[in-house]
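Every number here is computed from the coordinates shown, using simple stated rules; none is lab data. Note that the coordinates shown come from a computational prediction; the quantities given were computed from them, not determined experimentally. Every residue, glycine as well, gets a Cβ built from its backbone with ideal geometry; the counts of neighbours run over all protein chains shown.
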Amino acid sequence: MTTHHLRPLSPPHRSFWLQDAGARAATPPLGSDITTDVAIVGGGYLGLWTALRLRAAAPQLKITVLEADICGGGASGRNGGQVHSWWAEIDLLTRLVGPEAESLARATCDAIDELEALQTSGQIDMDLRLGGWLWTASSRAQEGAWDGALKGGAPIRPLDAAQIRARTGTDSSYLGVIEDRAGSVHPAKLALGLRALALQRGITVHEATPVSRIEGGAPCQLIAPGGRVRAEKVVLATNAWSAAIRELHPYLYVVDSQIIATEPMADLGLKGASVCDAQAHVLYWQQTPGGRLIFGRGSGRISLGDHLGPGFNRNAGGVAANLEELARVYPGAPPMTHDWTGPIDCTAQHLPIFGRLSTDPNIFYGIGFNGTGIAQTPVGAHILTSLVLGRPDHWARSGLVGLKGRSRLPPEPIRYLGARIVRAAISRRNAAEIVNQTPGALVRYLSTLTPGG
Ligand SMILES: Cc1cc2nc3c(=O)[nH]c(=O)nc-3n(C[C@H](O)[C@H](O)[C@H](O)COP(=O)(O)OP(=O)(O)OC[C@H]3O[C@@H](n4cnc5c(N)ncnc54)[C@H](O)[C@@H]3O)c2cc1C
């Protein structure tokens, strides 16, 4: 039996989405000692989808979600709202799990259908608009970023410069592909909607309940300020904060992504589509139904160890890079009104890992969505549900389960220092490539030294 420590969260900074949805706690903090069958730590998409899938599969179980902040306060309420399947990563998936890759990609398409059904049935109003997901190039180095997906049979089709212009209202990208059954969503409305559904279905949720320690065993004990939870099974759905778990730390590194929102502007013609420009510092945007441009950029800033400081909630100094790109893509864009950041849980193979801790087989985890989670966490929740219930089905046998075959990252501080050097090289390479220049040989070499190559 091992004791696992989790770190306290930094003070929150609310994204445009969370402010727009009027997000606040809807459930009381844990106020006494309780007993439950399954305790889920983390009330983001993964924790809430897992709670809902467990409820559907085993209605007799008592399920309790413990959330340090408010549900959706983490990445789930702060993301870019780009909804797309795993077909874009079919080459990475195939390399890792072989022929199962296609069924995992199809499962994310099913998850998009499920989101649509939740909206059309009136269960969750999440501004889901399946206007397509555009994956584009705005310089020579980005051309063909999607070739691996095309070769893997992804349901994407090419777009030329005129089609991209008509769909985005800018000619900054001139080549690309579109996944038609994809689009955009209001991420915070989705997270809060999942919370409401969980409550309707008899799942107990305690917000403002940071779990500081988990003692493994049978049962496990979770310690939070308001009480102790005895649970037969525990699911860690703590995203980047799972880096504090000793067994997981060697496989998980955390970077941030920075988003800005502008004042409402004229319709760009996106019609609910979202756009991802294939730069090394990935650039992504959508326009809300109210006309705001949501414009995000991966900064590649890495955390030191498991310490996610306040800069992972907001980094005012990082806004300049987004504004510079905004001026390039939409020179006439109105002023920015909101800015925020969020942590991205990354693995060397850029795909998640699910499993149970080797020291404590009653503690399960799902980590490493690598910045793509809206249609992927519902699939992860299927896998976690089968693992928790001990079902010997295809979900539990998925190649995404287990640490075997997954690359370990260097230990700290080598990891942090190395990542800073690589990040500086990537930034320089990106700046050169965006204007069709070739960076120097050293920058080119260093920029390839990312985990997983
Ligand atoms: C800036 C940004 C942009 C992104 N853009 C997209 C996008 O456009 N499309 C897409 O598909 N994906 C995107 N993603 C990824 C997507 O948001 C995530 O993969 C997804 O939200 C992960 O869900 P989660 O439940 O694992 O994590 P989270 O939503 O982060 O949930 C984890 C929860 O655990 C809680 N927690 C942590 N520690 C404790 C503790 N000790 N006790 C109790 N609770 C705790 C946190 O408060 C948090 O609410 C983006 C992510 C970021 C950060």
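Under the definition of Cα pairs under 8 Å and six or more residues apart, what whole-number percent is the relative contact order of the chain? Mind showing how you got there, number by number?
Values: 1064 pairs, mean separation 99.8, N = 453.
Averaging sequence separation for qualifying contacts and normalising by length gives 22 percent for the chain.
Taking 7 Å steps out from each Cα toward its Cβ at MET1 and HIS307 produces label points 3.2 nm apart.
Net charge in the neighbourhood of ARG181 (other residues with Cβ under 10 Å of its Cβ; Lys, Arg +1, Asp, Glu -1) is -4.
Pull out the extension gain between THR448 and ARG181, defined as 0.36 nm times the separation in residues minus the alpha carbon to alpha carbon distance; nm, one decimal. Spell out each step's value before the answer.
On the way: separation 267, 0.36 × 267 = 96.12 nm, distance 3.23 nm.
So the chain would gain 92.9 nm between THR448 and ARG181.
Listed values for the stretch 302-315 are Karplus-derived 3J(HN,Hα) couplings in whole Hz (6.51 cos²θ - 1.76 cosθ + 1.60, θ = phi - 60°), namely 9, 7, 8, x, 9, 8, 9, x, x, x, 8, 10, 7, 9, and x replaces Gly and Pro.
The 3J(HN,Hα) values that the Karplus relation (6.51, -1.76, 1.60; θ = phi - 60°) gives for the stretch 195-212 are, in residue order, 4, 4, 5, 4, 5, 4, 8, x, 8, 8, 10, 10, 8, 6, 10, x, 7, 9 Hz. Gly and Pro appear as x. Is the shape of the stretch 130-177 rounded, prolate or oblate, going by the alpha carbon gyration tensor and its root eigenvalues a ≥ b ≥ c, with a/c under 1.5 for rounded and a/b larger than b/c for prolate? Since a/c reaches 1.5 but b/c is at least a/b, the shape of the stretch 130-177 is classed as oblate. For the pair the stretch 374-452 / the stretch 85-145, the C-alpha centres are spaced 18 Å from each other.
Fully extending the segment from LEU199 to ARG408, taken as 0.36 nm per residue of separation minus the present Cα-Cα distance, adds 71.4 nm. Given +1 at the Cβ of Lys and Arg, -1 at the Cβ of Asp and Glu and no other charges, the dipole of the chain around its Cα centre is 720 debye to the nearest 20.
Rounded to the nearest 0.05, what FRET efficiency do GLU116 and SER358 give with R0 = 56 Å and r taken as the Cβ-Cβ distance? Could you check? So, using R0 = 56 Å, E works out to roughly 0.90.
Arrange LEU449, LEU134, LEU48 by Cβ neighbour counts within 10 Å, fewest through most, would you?
On the way: LEU449 13, LEU134 27, LEU48 32.
Exposure proxy ranking, most exposed first: LEU449, LEU134, LEU48.
Assign one of three labels to the chain, namely rounded, prolate or oblate, based on the Cα gyration tensor with a ≥ b ≥ c the square roots of its eigenvalues; rounded applies when a/c is under 1.5, prolate when it is not and a/b is larger than b/c, and oblate otherwise. Don't skip to the end; give the middle numbers.
On the way: a/c = 1.57, a/b = 1.42, b/c = 1.11.
Here the chain falls in the prolate category.
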